[in-house]
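Peer 1: Provided herewith is a single structure, encoded as structure tokens, for subsequent inquiry.
The values are calculated or read from the model by the stated rules, or taken from the named source; none is laboratory data. Bear in mind that the values here come from a model prediction, so they are computed numbers and not experimental data. Cβ sites come from the backbone with ideal geometry, for glycine too, and all protein chains shown count toward neighbours. The protein model used for the area step is the full one, side chains on, heavy atoms only, and it has no ligands, DNA or RNA in it. Shrake-Rupley method; radii C 1.70, N 1.55, O 1.52, S 1.80 Å.
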Amino acid sequence: FTSNISGLSRGTTYNVRAYATNNGGTRYSNQTSFTTLIQAALTISTADNITTTAADMHANITNLGNSPVTQHGHCWSTSSNPTTGNSTTRLGGKSTTDAFTSKATGLATNTIYYGRAYAINGAGTSYGDNGSFTTLPSVKTTLDPNLITSNSATIGGDIDVLVNGEQQ
């Protein structure tokens, strides 16, 4: 027979044993114990080496939990609190609590992105706090110089501009 136990606390050790009762009384099995799983813990994601279409994202797993981390990486979106259902990197399992980096690619220019680290173990998917970064604008055209004098000139260009979160 099997019994499902619910409402347990994470990371708690429980002692259990089976029993059976009939007209002759109640008998108990040997006691055994188990500890419920703990999700991994991560730091906030930061970004650097930001270009018009990519960024390096950094985080740290500070606690692996008590179940092996089978996958970790970063997820990002233009909305806060991205999940693994958004754009992600998948870096595989991890057995140490240290820093890791992954590259977000295919980004739109001059756009605000929210990113956070994630780790998956037997207790589920855990996320670090949101970080944010803005990709660089792209220069569409360079205007011809004008008003040229012996020691100056007027130059310019057209760039992508972000107004109220939309490209102009």
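Peer 1: Just to be sure I understand, how many residues within the stretch 42-67 are assigned to a loop (DSSP other than H, G, I, E, B), touching a Ser or Thr at 6+ places or on another chain (Cβ under 6 Å) and surrounded by 22 or more Cβ atoms within 10 Å (Cβ to Cβ)?
Peer 2: Residues in the stretch 42-67 being assigned to a loop (DSSP other than H, G, I, E, B), touching a Ser or Thr at 6+ places or on another chain (Cβ under 6 Å) and surrounded by 22 or more Cβ atoms within 10 Å (Cβ to Cβ): 0 in total.
Peer 1: Also, I was wondering about something else. Exactly one condition in (1) open to solvent by 70 Å² or more (accessible area, probe 1.4 Å); (2) farther than 24 Å from ALA104 by Cα; (3) of a type in the set (Val, Ile, Thr) is false for THR26; which is it?
Peer 2: Here THR26 clears every test but (1).
Peer 1: Select from the stretch 68-81 the residues that are within 11 Å of ALA40 (Cα to Cα) and open to solvent by less than 20 Å² (accessible area, probe 1.4 Å) and write down the one among them that is farthest from the chain's Cα centre (by Cα).
Peer 2: The selected residue is VAL69.
Peer 1: OK, next. Scan the stretch 31-41 for residues that are part of a loop (DSSP other than H, G, I, E, B), open to solvent by 60 Å² or more (accessible area, probe 1.4 Å) and of a type outside the set (A, V, I, L, M, F, W, C) and jot them down.
Peer 2: Filtering the stretch 31-41 for residues part of a loop (DSSP other than H, G, I, E, B) gives 31, 36-40.
Now narrow it down to the ones that are open to solvent by 60 Å² or more (accessible area, probe 1.4 Å): 31, 37-38.
Correct list: GLN31 only.
Peer 1: Could you check the stretch 92-105 and list, in sequence order, the residues that are at pLDDT 95 or above and over 13 Å from SER45 (Cβ atoms)?
Peer 2: Correct list: THR105 only.
Peer 1: From the residues in the stretch 98-115 that are open to solvent by 30 Å² or more (accessible area, probe 1.4 Å) and part of a strand (DSSP E or B), which one is nearest to SER79 (Cα to Cα)?
Peer 2: TYR114
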